[in-house]
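Have a look at the structure below before the remarks.
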Amino acid sequence: MKIVLADTILTMDAANPVIRNGAVIFEDEIADITCDRQTIEAWKERALVIEGGRHSILMPGLINAHMHLEFSGNSTDLEYGSFIGWLHSMIEKRDALVGSLTKERVDEALEESLRSGTTAIGAISSYGFDLESLSAAKQRVVYFNEIIGSNPAALDAIFTAFESRVEKSGEYKSDRFMPAVAIHSPYSVHPLLLRKAISFAGAKRMPLSTHFMESAGERRWLDSASGAFKPFFEKYFNLSQPFSSARDFLAAFNDTRALFVHCSYVNAEELDEIGRMGSSIVHCPVSNRLLGGSLLQLEKLKNREIPYMVATDGLSSNITLNLFDELRSALLMHEGLNLPLLSRDLLRSVTNIAARALGINAGTIAEGYAADMLLFRLPGDVSDDLMLYLHAILHAPARIDKVFINGEAV
Ligand SMILES: [Zn+2]
């Protein structure tokens, strides 16, 4: 057994959110949380003791529900400012970007994310080039094998290749590595392929994720076959009409509790539908900003009780996989919202909400949860409980002092 002592424990457990001068007793799972001095002293006699020190804060490890590690080679290659400009640059540079990707680069990106406090990730894999790194990662991984394709003549071949990627990732299935399915988007996945992939994920009880309404171009293309996507689809796919409406696309996800990524241009009816399905939304504010998108309106989600989680997206549309950096950006970008309350929501989003959405038994410091935790020091005292969330986001160091996964310091 181990005991970790901290000035403050942010449990993310709504029943018992902040504990002062407390301790957590754990092995791979959390066995107890206490601030009773006698219990703490008794455990200190017979457990490995980890002292957080002055102004220390202990909280659940962060969960980054959406990243694309296969594009970790990008820094200045892609065009930012508009989604369609980015997409053109992506098509032009993708082969070079992915072709020059090394295992070392993926490992480095994973390491950056780990030392900045991310203990679990949802990784979107387009090719399987990240499998070697992710199957051996220290973090928990939900490995989303992505499917994309619209050419009716090639659908069978695309599905077969997808199935074999899923099967390959399935060889690494463990309590730390979960194979899953990602649908690329409503504009890039043929409805037949969409339905096949969704029922495949359902039969195998795999988590499901999809990009949805990321750009104004996507909205206009799906609604009226016009806008910035039109010349793009005419040029590359010889298509003058979308093959799916947003409504039909959404309907295919009924009862899947899928993760809908971005949703910056989602309308009220679609949000109602996402809420009704019990699905959640992944919010990547930096990526959306760099690709010229608008900011997801979090109030609209709150009104419908739709859970959301902040994520970094990949280095193809971000400069970092540090999730605390993303939270700091989110704090500054959502200017209309109450700062301390937003801070609490944001931290919940990347801990217990993300854990629930991905089916991971972590993200909360409470008995029975996996001991995935972060220990670091704030620069000073914070006496107000609500301000703790804000200062945890503002002052979390780029290198977290101690990161525990499954009870082990990594
Ligand atoms: Zn993405």
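All of the numbers you see were taken from the coordinates with simple rules; none came from a lab. All values reported here derive from a predicted model rather than from experimental measurement. A quick note on method: Cβ atoms are made from the backbone with ideal geometry, for glycine too, and the neighbour counts reach across all protein chains shown.
What whole number of Å gives the distance from the Cα centroid of the range 171-216 to the Cα centroid of the range 313-376?
23
What nm distance separates the two modelled labels at E171 and H88, each placed 7 Å from Cα along Cα→Cβ?
Between E171 and H88, the label points sit 4.2 nm apart.
Of G278, Y236, A203, which is farthest along the charge dipole of the range 190-303 in the positive direction, counting Lys and Arg as +1 and Asp and Glu as -1 at C-beta?
So the residue we want is A203.
Evaluate E = 1/(1 + (r/R0)^6) for E234 and A409, where r is the Cβ-Cβ distance and R0 equals 35 Å; express this FRET efficiency to the nearest 0.05.
0.05
If R0 is 22 Å, what FRET efficiency do you get for L48 and N16 from their C-beta distance, rounded to 0.05?
Step by step, r from the Cβ atoms, then E = 0.35.
Label R37 and T160 with points 7 Å out from Cα along Cα→Cβ: what is the distance between them in nm?
Computed distance between label sites R37 and T160 equals 7.3 nm.
Can you tally the net charge around P242? Count Lys and Arg as +1, Asp and Glu as -1, for every other residue whose Cβ sits under 13 Å from the Cβ of P242.
After counting each charged neighbour, the total is 0.
Using the per-residue mean of other Cβ atoms lying within 10 Å as a proxy for protection, in what order, highest first, do the peptides 32-44, 252-264 fall? Walk me through the intermediate numbers first.
On the way: 32-44: 13.8, 252-264: 21.2.
Ranking, from highest mean packing down: 252-264, 32-44.
Could you order peptides 93-102, 114-123 by the average number of other Cβ atoms within 10 Å of their residues, highest first?
The most tightly packed comes first, giving 114-123, 93-102.
Cα gyration tensor of the range 62-358, axes a ≥ b ≥ c as square roots of the eigenvalues: rounded (a/c below 1.5), prolate (a/b > b/c) or oblate?
Judged from the Cα gyration tensor, the range 62-358 comes out rounded (a/c under 1.5).
Would you mind checking the tilt of helix 83-99 against the longest principal axis of the Cα atoms of the chain, expressed as 0 to 90 degrees and rounded to 10?
80
With a/c under 1.5 counting as rounded, go ahead and sort the range 218-312 into rounded, prolate or oblate using the C-alpha gyration tensor (a ≥ b ≥ c being the square roots of the eigenvalues; past the cut-off, prolate if a/b is larger than b/c, else oblate).
It is oblate, given that a/c is not under 1.5 and a/b is not larger than b/c.
Just name one of V49, A154, A354: the one whose Cα is farthest towards the positive end of the charge dipole of the chain (beta-carbon charges, Lys/Arg +1, Asp/Glu -1).
So the residue we want is A154.
I'd like to compare 352-358, 297-303: which one has the highest average count of other Cβ atoms within 10 Å, and what's the full order after that?
Descending mean neighbour count gives 352-358, 297-303.
Rounded to the nearest 5, what % of the DSSP beta bridges within the chain are antiparallel ones?
Working: 23 of 60 bridges.
Counting only bridges with both partners in the chain, antiparallel ones make up about 40 percent.
Multiplying the sequence separation of S383 and S294 by 0.36 nm and subtracting their Cα-Cα distance, what value in nm do you get?
Full extension of this stretch gives 28.4 nm more.
How would the range 89-180 be classified by its alpha-carbon gyration tensor: rounded, prolate or oblate, with rounded meaning a/c under 1.5 and the a/b versus b/c comparison settling the rest?
Details: a/c = 2.45, a/b = 1.36, b/c = 1.80.
Oblate, since a/c reaches 1.5 and b/c is not below a/b.
Using the basic label-point model (7 angstrom from Cα toward the beta carbon), what is the A136 to A398 distance in nanometres?
Placing both labels 7 Å beyond Cα along the Cβ direction yields 2.6 nm.
How far, in degrees from 0 to 90, does helix 37-46 lean away from the longest principal axis of the Cα atoms of the chain, to the nearest 10?
Between helix and principal axis, roughly 80 degrees.
Please work out the Cα center distance from the range 286-305 to the range 50-129, rounded to the nearest Å.
Taking the Cα centre of each part, the range 286-305 and the range 50-129 sit 20 Å apart.
Can you check what the net charge comes to around E167, using other residues whose Cβ is under 14 Å from the Cβ of E167 (Lys, Arg +1; Asp, Glu -1)? Each step should come with its number before you reach the end.
Values: positive: R165, K168, K173, K204; negative: E163, E171.
Residues near E167 contribute +2 overall.
Can you tell me the relative contact order of the chain? Whole percent, Cα pairs under 8 Å, sequence separation 6 or more.
Rounded, it is 22 percent for the chain.
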